[in-house]
Amino acid sequence: MNYKKIYITLLAALFMGCSLNNIKKDSSSSNQTSQLKEYYIVKEGDTLSKISTITKVEVNTIKTLNSIESITYSDIGKTLYLKPEALNNKIKLKFNRELLLTATAYTSEAKQTDKTPFLAAWNNRIKPGMKIIAVSPDLIKKFGLTNGVVVKIKGLKGYYVVKDKMNSKFKKRIDIYMGLDKYRAIKWGKRRVALLW
């Protein structure tokens, strides 16, 4: 046992005016915060809305990623996935619906959006690297493709999340977010794709 190391740790704790218990609590809480980025452990008293508030992840996203409709007592201790990235190459989601539609691409360039290029619909903050799509309003009303719904675009890797909506003039259409890569967006152009959700 390294008594010198223990002695130095105690002195540091006393000097900083805190106990070793506080040091342990601080480190464990920072670990939990980093873990919340990709998953969440269900605790007693949790509900989907409560977990959504804590993790800043939409209820629809939590439902789809974890194939659940609500939180029950038997879910305590269960790991809930919060990001599609956490599932990629690990679990294959099962989708019940498929729709053939037009897919274009957009970026966060002011010319393509507005004065707030990193603020999407439903007050969502977006940034390059996110796998998200914008949907035409008719897809929200008719098919329930609203904020937080996880989807799969046939032919593309991984899963995408609905985070934005398009102008009402568009019908049966999605816009794939490509960050600041305008050349990639131009190359994508306009294609017909199958959307699964």
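All but one of (1) touching an Asp or Glu at 6+ places or on another chain (Cβ under 8 Å); (2) assigned to a loop (DSSP other than H, G, I, E, B) hold for N96; state the number of the condition that does not hold. Here N96 meets the rest and fails (1). Taking segment 135-159 as the range and being out of contact with any helix residue (DSSP H, G or I) (no Cβ under 7 Å at 6 or more places or on another chain) and in contact (Cβ under 8 Å) with a residue 60 or more places away in the chain as the test, only K157 passes. When V162, V149 are checked against the criterion of being buried (at least 20 other Cβ atoms within 10 Å of the Cβ), in contact with a Phe, Trp or Tyr (Cβ under 7 Å, 6 or more places away or on another chain), of a type in the set (V, I, T) and not assigned by TED's automatic domain parsing to the domain that holds T64, V149 stands alone in meeting it.
If you check every pair at least six apart or on different chains, which have Cβ atoms under 6 Å apart with a residue in segment 114-126 that is in the same structural domain as K182 (by TED's automatic domain parsing) first and a residue that is among the polar types (S, T, N, Q) and surrounded by 13 or more Cβ atoms within 10 Å (Cβ to Cβ) second? What qualifies is P117/S108; F118/S108; W122/N147. Taking segment 165-197 as the range and being among the aromatic types (F, W, Y) and buried (at least 17 other Cβ atoms within 10 Å of the Cβ) as the test, the residues that pass are F170, Y177, W197.
Scanning segment 91-121 for residues that are surrounded by 12 or more Cβ atoms within 10 Å (Cβ to Cβ) and either among the acidic types (D, E) or at pLDDT below 85 (or both) returns I91, L93, E109, Q112, T113. Of the strands (runs of 3 or more DSSP E) lying entirely inside segment 145-197, the ones with 3 or more residues being of a type in the set (A, V, I, L, M, F, W, C) are found at 150-153, 191-196.
The values are calculated or read from the model by the stated rules, or taken from the named source; none is laboratory data. What you see is a predicted model, and the numbers here were worked out from it, not measured in a lab. FYI the Cβ positions are ideal-geometry reconstructions off the backbone, even for glycines, and counts take in every protein chain you see.
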